[in-house]
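The values are calculated or read from the model by the stated rules, or taken from the named source; none is laboratory data. Just so you know, these numbers come straight off a predicted model, no measurement behind them. Counting neighbours? That spans all protein chains shown, and the Cβs are built from the backbone with ideal geometry, glycine included. Areas reflect the complete protein model, heavy atoms only, side chains present, ligands, DNA and RNA absent. Shrake-Rupley method; radii C 1.70, N 1.55, O 1.52, S 1.80 Å.
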Protein chains: 2
Amino acid sequence: MARRTDSTAPADRSARRRADRIDERRRALADAALLTLSELGYARTSLREIAQNSAFSHGVLHYYFRDKVDLITYCVRQYKTHCVERYDGIVATAASPEDLLDGVAEGLAATLEQDALLHRLWYDLRTQSLFEESFRADVAAIDGSLERMIWRTVEAYARLVGAAPACPPSFAYATVDGLFHQALQRHLAGAADALDVLRAGVRRQLATLVA
Amino acid sequence: MARRTDSTAPADRSARRRADRIDERRRALADAALLTLSELGYARTSLREIAQNSAFSHGVLHYYFRDKVDLITYCVRQYKTHCVERYDGIVATAASPEDLLDGVAEGLAATLEQDALLHRLWYDLRTQSLFEESFRADVAAIDGSLERMIWRTVEAYARLVGAAPACPPSFAYATVDGLFHQALQRHLAGAADALDVLRAGVRRQLATLVA
DNA sequence: GGGAAATCTTGACGACTGTCCAAAGCCGTC
DNA sequence: GACGGCTTTGGACAGTCGTCAAGATTTCCC
């Protein structure tokens, strides 16, 4: 019985290391999957293609993921963390309304440019979730967190101009998302002014959202 | 040489009738395809499934359409005419700004409710066109005509309140489309207030678009 | 009414998909 | 250094896909 209560018994430590290794593999495979997905879109991405963009063979995907839906769900979740990490922190450090508008407009334009393919994938998956039950819940969760992010911006702006938000959060999100989506579409189509139009549009729309 | 110049020679008439019949078949098949597409989405719709929702067998599709892309392109074009026909005429008969806002809000809410699946398909195809070159041109054409439709509304509203539009057409379209897309998403998810939220949102947004 | 052309059906083809599995490779532990 | 479990491979499987073509059927014209 001696030291059976020791929580760092060799067996436990090895089990933990194993679990960590598995998590790491899953993350790596999900990264490869996101790469392929953002390039080809959901409809045209096969498991073999994903595996070819990774260091492994196609069979290993079913060792780490139950099936294709499990993998894609995991990818969506991973994308979400990537997403909110990027977005957060834009709002925090603004001292004046103008600063905030600048920061938000610039932040959105920057991520649109840098992560254009990931955003394209996001809109793809969001649309697919309208047809496929599988990852609807995860998509809805991301949508909600994006809406809350926009809403934090509106609240911060309202505070800085000494007014109150004058619209529901869903209205703010819908209109700004519409602007972002259109800008992405034009940016991908090669329109040189897409980013500037987005900046101007976001500034204008945010300004009308407070009383 | 006698009547070789007669434009209604039997051969011509028969050729014309044949062409008409072909057009009719193509329209019927495209209708069946639109039915299936709007139910399953682009990614999950196969030619066999389309044929099963029609009165014909799957082989006939390649008699009237070169390939799948040709069929879907034809569907997209057909959807466009269906779309603008529906939309047009909302704006024309408004006497006061309030009338116009009512009419537009109600018109958008009505088509969202009645043609929910078709609109879902539209967003699906628009997203697919970000990945697939094939029907990008047709999608862009529809997008443009929708933008012009919204813009006509803005202009009419501005005229009625005696002001000028105070934003670019693309801004008006992006924000209203964002509202419409969100409302569709919530409506399909079963939210009972989706239509009312859309009505309120559209009214609010349109009102801010003129000086 | 018969023959030719248009139309439609049916089955086949090769390519591709997600999934599964037996075997091989790998690695830590005794 | 050999054993045993964890990883990984690559092929097999059943299914579906778009496409095609040969044959059956219908339609039309003389």
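Before moving on, here are some points about what is shown:
- Residue (of A:L184, A:F65, A:V84) at the positive-pole extreme of chain A, dipole from beta-carbon charges: A:F65
- Nearest residue to the symmetry axis between A and B, taken on chain A by its Cβ, in whole Å: A:G178, 1
- Across the identical copies, the label point of A:V161 (7 Å from Cα in the Cβ direction) is separated from its matches by 1.6 nm, in order from shortest.
- With a Förster radius of 22 Å applied to the beta-carbon distance between B:T208 and A:D102, the computed FRET efficiency rounds to 0.55.
- Compared with the dominant principal axis of the Cα atoms in chain A, helix A:169-188 is inclined by about 80°.
- Å² per residue, accessible surface of the range A:9-65 at 1.4 Å: 64
- Between copies, A:I22 shows label-point distances of 6.1 nm, shortest first, with the point placed 7 angstrom from Cα along Cα to C-beta.
- Starting from the label point of A:R66 at 7 Å along Cα→Cβ, the same points in the other copies fall at 4.4 nm, in ascending order.
- Angle between chain B longest axis and helix B:194-207 axis [Cα atoms, degrees, rounded to 10]: 70
- Tilt relative to chain B, helix B:68-87 - C-alpha long axis, 0 to 90 degrees, to 10: 50
- Label point distance in nm, B:A55-A:R159, each placed 7 Å from Cα along Cα→Cβ: 6.7
- Taking 7 Å steps out from each Cα toward its Cβ at B:D193 and B:R77 produces label points 4.5 nm apart.
- Contact order relative to length of chain A, as percent, for alpha carbon pairs under 8 angstrom and 6 or more apart: 19
- Inter-part distance where the range B:16-52 and the range B:105-178 are each reduced to a Cα centre, Å: 25
- Measuring heavy-atom accessible area with a 1.4 angstrom probe and counting protein chains only, the residues of the range B:151-176 that give up at least 30 Å² relative to the chain alone are B:S170, B:F171, B:A174, B:T175.
- Choice from A:H181, A:H119, A:H62 showing the highest fluctuation, given a GNM over chain A with Cα pairs closer than 10 Å: A:H62
- Helical runs (DSSP H, four residues minimum) scored at -39500 (n - 2.57) apiece and divided by the length of chain A put the mean residue ellipticity at 222 nm at -24000 deg cm²/dmol.
- Unit charges at the beta carbon, dipole of the protein assembly as shown: most positive-side option, B:G144, B:L47, B:L34: B:L47
- Accessible surface, the range A:68-207, averaged per residue in Å² (probe 1.4 Å): 40
- Given charges at beta-carbon only (K, R positive; D, E negative), |dipole| of the range A:9-65 in Debye: 240
- Shielded by partner chains, the range A:121-143 residues - at least 50 Å² of accessible area, 1.4 Å probe, vs chain alone: A:T127, A:L130, A:F131
- Taking the 1.4 Å solvent-accessible surface of the protein assembly as shown as the whole, the part contributed by carbon and sulfur is 51%.
- Dividing the radius of gyration of the alpha carbons in the range A:9-65 by their Kirkwood radius gives 1.13 for Rg/Rh.
- Interface area, A with B, accessible, probe 1.4 Å, both sides summed, Å² nearest 100: 3000
- Interface residues of the range B:43-62, defined as those losing at least 10 Å² of solvent-accessible heavy-atom surface relative to the isolated chain (probe radius 1.4 Å), are listed as B:A43, B:R44.
- Label-to-label distance, nm, for residues given as A:A116 and A:E133 (7 Å Cα→Cβ offset): 3.8
- Normalised contact order of the range B:68-162, rounded percent, pairs of Cα under 8 Å and 6 or more residues apart: 42
- Fluctuation leader among B:R126, B:R17, B:R66 - chain B, Gaussian network, Cα springs under 10 angstrom: B:R17
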